[in-house]
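Notes follow once the structure below has been shown.
The values are calculated or read from the model by the stated rules, or taken from the named source; none is laboratory data. Keep in mind that this is a model prediction, so the values were computed, not measured. Note that we place each Cβ from the backbone using ideal geometry, even for glycine, and neighbour counts take in every protein chain shown.
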Amino acid sequence: MEELQGHKNGVTSLSIVNGKLLSGSFDHWLIVWNLQEIELRIIEKQKMMAEDLRSKKFEAFENFMESKGKRKKQKGKKAKKVKK
């Protein structure tokens, strides 16, 4: 869902005409929104969210692998102390 910001008061009417969204409001303004532009913004936002999720998954995997490596090193250090 894309939130459009432009009116200062509540929207009272919406209409779609020739690929444009028209909105009227209690602020006495009529705003014409380009639906193609809105669709491109939505697609771009979806791509950014997907990339952000992928980045978070990669970061979680790196942290997991790093923690596994630290555990192995700690186990090795403990074993050396016991042998002395």
- If we scan the stretch 11-28, do we find a residue that is among the β-branched types (Val, Ile, Thr) and at pLDDT below 90? no
- Message: Here are the criteria: (1) at pLDDT 90 or above; (2) among the hydrophobic types (A, V, I, L, M, F, W, C); (3) surrounded by fewer than 10 Cβ atoms within 10 Å (Cβ to Cβ). Tell me which single one residue 82 does not satisfy.
- Response: (1)
- Tally of residues being in contact (Cβ under 8 Å) with a residue 12 or more places away in the chain and either under 15 Å from the mean Cα position of the chain (by Cα) or over 18 Å from residue 13 (Cβ atoms) (or both) across the stretch 35-46: 4
